[in-house]
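Here the structure comes first, spelled out in structure tokens, and everything after it is commentary.
No value in this document is a laboratory result; all are computed from the given coordinates. Just so we're clear, the structure is a prediction, and the values are computed from it rather than from any experiment. Ideal geometry is used to build each Cβ from the backbone, glycine not excepted, and the neighbour counts take in all protein chains shown.
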Amino acid sequence: MLSAEDLAFITRTLGRDLTDVEAACFENLWSEHCSYRSTRALLKTLPTEGENVLLGPGDDAAIVRFSDTLALAVGMESHNHPSYVDPYDGAATGVGGIVRDVISMGARPIALMDPLYFGALAEEKTRYLFEHVVAGIGDYGNCIGVPVVRGETVFDPSYGGNPLVNVVCVGVVDPERYLTARVKRPGSRFVLFGSATGRDGLGGASFASRDLAEDSEAADRPSVQIGDPFTEKLLIEATLEMAATGTLLSCRDLGAAGLAGASSEMASTFGARIAADRVHLRESGMNPVEIMLAESQERMLVEVLPDDVAAIGAIAEKYDLRWSEIGEVIAEPRYIVEYNGEVVCDLPIDLLVGGTPGCALEKQAKEYDATYTPPAGDLKALALAVLSHPDIASKRWITEQYDHDVQVRSVSLSHDAAVLRLEDAALVLSCGCNPRHIALLPHANAANAVYENAANLACLGAEPLAIVNCLNFASPLHPEVFWEMEQAVLGLGDMARALATPVVGGNVSLYNESDEYGTEIRPTPSIGMVGKGPLCRWTRPAAGDLLAVVGAEGAHLGGSVLDALTGCGGEAPPMADPSILSLIRERVRGGAFTGITDISRGGLCAALAKLAPDAEVTLEGDAVTALFSETCGRFLVGVTDESALAGLPARIIGRVGGEGLRITAGAEGVTLSPEEIEFSLSSITRQMRF
């Protein structure tokens, strides 16, 4: 429902009451999900321009130059609330929606990434959500032939009643031939094609802009869309064939707020007249509110000249897709909807689209306790517990459900980043953030989310081209939450500027909290990063190679995996110094390292288990700090000779070889056998398969 304040503002501006269709349009288009009313001012602080940015924020996806002959279409979306109510369909349609955002730019989708955030894996409800979300993503992606090449999975109790399902899609397009989503010419026609419109997903945009109640699974199920990946595959091919004709003036997919959202936002440069009774329907007896606001999936809206309508319709029919000519672009800046000859909506288009009043929300800084209490237990038990934590454990149970090799571009998908072949270079992809760190120091650690993804790219010799984000937070009406969000956005922007990497698009998802669990999520400004580098594969160092840590050490256990397990507390990581990244990239490209990984979640312990599980290592100082601190800005590298480290802030810690991980730290020593490491890292598979 529209708030009383918004309704009063609208009726005062119009000088009359609203029709049912008008009220439904405002309810959805003025929702947080569509209008960004709480975050609009913050988003303007982000750097969005760069030498490779052809089209920045504001369209269905951004366009970033990869080479003189190839551009990337990049977008990121969330489908959080639907994925709690109906995890399979919610996650599947999240994939479908972001893929359509990319194809609406005239781009062919080539890769997906899925940062996912769930409650404690020990909870049966979490395992149910986890199983069906992964299945929904895998089934939809596999059916449409777009590989999921990278992801992140975080497990924390704060997501128990409100999991986060974020999806990044990357596509390719000729840099001279991409489409946009704003109409170009009065008198041109709107053609709707794809699946027929039903009643599914009604009110989805407004549903995504409120918290989840205890009865959400039953009461909100009609707000969840149902996807059909086989139709989506046909839609991809049909849209690209239409784009190749050069007759599409503009294109937009139907997502949040359905046809009303797509057509009004698309027509905001001029105006639109829509005939709701011409829309092809799946169900009988649908009224104009249902027709205009339903969020039925696999639908596209294009603008074409009158003489081109039949040819575009013929292409839709070639792919067995239904289509309808449903209206026209008008010069007057109004949004008009007719139904059976009656005008059921007539609004100033700039009031409906972008006319949301700004809101000044209260903020209050949040302090955290940095007290550190040494954890109980011996070093070996702590190490195995960290490696068993689902944030650190192998994600094989997830990845084996995804087809990684479809489209035959995948070169290396192991560990730090995904490498795909594009022309004669590598497209390198990374995603995610660290919500536990961000909850403690939001500015520094939102900045570190950008840094960590750039570090992942650097491990493959790649330089970032652009960032997309999904800003997932609880209710901004809580002053501490709004402060967290403000600090996180500012931190993200500061590191993006330091790396000269623009933020070209994204999504905001608020009100992520649960009445059922009495929880609100940790601040989760998840990002996706795209970069370019040389074609290479992630490798491990060989027996006999030296191991070294590059970067400044620190004692930062606050928000660490060890903290999550033991409650030890401690200082959160400060903002990393990005200057080391260019040095790392240069050494990787020059073949100086036989293996490399950045040190992040799980600290040096997790990095060793990943890069050199058979090695002998000697550490200085406190053993717990040396193994489990999550100070940002460090790398674990393998080299054949110490001279490869010249000019880097590095120290040798050991050598690869032997059996198992043998660690000496002062008077303490611990050995982790290959079997113990493998068993610990298999914790997700063991819990989900048996």
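The table that follows gives values for the structure above.
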{"item": "Residue order, fewest to most surrounding Cβ atoms within 10 angstrom, among VAL95, VAL172", "result": "VAL172, VAL95"}
{"item": "Fewest-first sequence of THR269, THR180 by Cβ atoms within 10 Å of each Cβ", "result": "THR269, THR180"}
{"item": "Lys/Arg +1, Asp/Glu -1 at C-beta; the chain dipole; positive extreme among ALA314, LEU420, PRO674", "result": "LEU420"}
{"item": "Degrees, to the nearest 10: 87-103 long Cα axis against longest axis of the chain", "result": "70"}
{"item": "For PRO613, net neighbour charge (Lys/Arg +1, Asp/Glu -1) across residues whose Cβ lies under 14 Å away", "result": "-3"}
{"item": "Potential lengthening between ALA370 and SER582 on full extension [0.36 nm per residue; Cα-Cα distance subtracted]", "result": "73.1 nm"}
{"item": "Selection from LEU608, ALA623, ALA592 lying farthest towards where the dipole of the range 587-629 points positive, charges on Cβ", "result": "ALA592"}
{"item": "Rounded, prolate or oblate (a/c below 1.5 giving rounded, otherwise prolate when a/b exceeds b/c) for the range 618-662 by Cα gyration tensor", "result": "oblate"}
{"item": "Inter-probe distance in nm under a simple model that places probes 7 Å from Cα toward Cβ, at GLN687 and THR11", "result": "5.1"}
{"item": "With Cα atoms, 0 to 90° folded angle of helix 20-29 axis to the chain main axis", "result": "20"}
{"item": "Total charge dipole magnitude, the chain, about the Cα centre, Cβ charges on Lys, Arg, Asp, Glu only, Debye to nearest 20", "result": "1380"}
{"item": "Long-range amide H partners of CYS345 with built H, under 5 Å", "result": "VAL337"}
{"item": "Most positive-pole-ward Cα, LEU14, THR48, CYS25, against dipole of the range 12-51 from beta carbon charges", "result": "LEU14"}
{"item": "Extended-chain gain in nm, criterion 0.36 nm per residue less alpha-carbon gap, ALA4 and GLU317", "result": "108.1 nm"}
{"item": "Sequence ranges 668-674, 507-513, 657-663, ranked by mean other-Cβ count within 10 angstrom, highest first", "result": "507-513, 657-663, 668-674"}
{"item": "Net charge contributed by nearby residues that have their C-beta within less than 13 Å of LEU499 (K/R +1, D/E -1)", "result": "-2"}
{"item": "Theoretical FRET efficiency, 1/(1+(r/R0)^6), r = Cβ-Cβ of ASP307 and ALA120, R0 51 Å, to 0.05", "result": "0.30"}
{"item": "Residues in the range 251-266 reached by a label modelled at THR245 [backbone nitrogen below 18 Å; 7 Å Cα→Cβ]", "result": "251-253"}
{"item": "Neighbour-count ranking [beta-carbon atoms within 10 angstrom, fewest first] of VAL329, VAL408, VAL468", "result": "VAL408, VAL329, VAL468"}
{"item": "Option label - volume of the Cα convex hull per residue in Å³ computed here, alternatives [x] 255; [y] 140; [z] 159", "result": "[y]"}
{"item": "Degrees, to the nearest 10: 124-144 long Cα axis against longest axis of the chain", "result": "70"}
{"item": "Potential lengthening between LEU490 and GLU237 on full extension [0.36 nm per residue; Cα-Cα distance subtracted]", "result": "87.1 nm"}
{"item": "Estimated inter-spin distance, ARG278 and GLU362, nm [label 7 Å along Cα→Cβ]", "result": "5.1"}
{"item": "The range 607-677 - share of DSSP beta bridges that are antiparallel (%, nearest 5)", "result": "60"}
{"item": "The range 33-63 versus the range 422-486: alpha-carbon centroid distance in Å", "result": "15"}
{"item": "Cβ-defined net charge surrounding HIS415, 11 Å radius [Lys, Arg +1; Asp, Glu -1]", "result": "+3"}
{"item": "GLU152 long-range amide H proximity, modeled H, under 5 Å", "result": "ASP114, LEU116"}
{"item": "Cα centroid separation - the range 515-577 against the range 112-137, whole Å", "result": "21"}
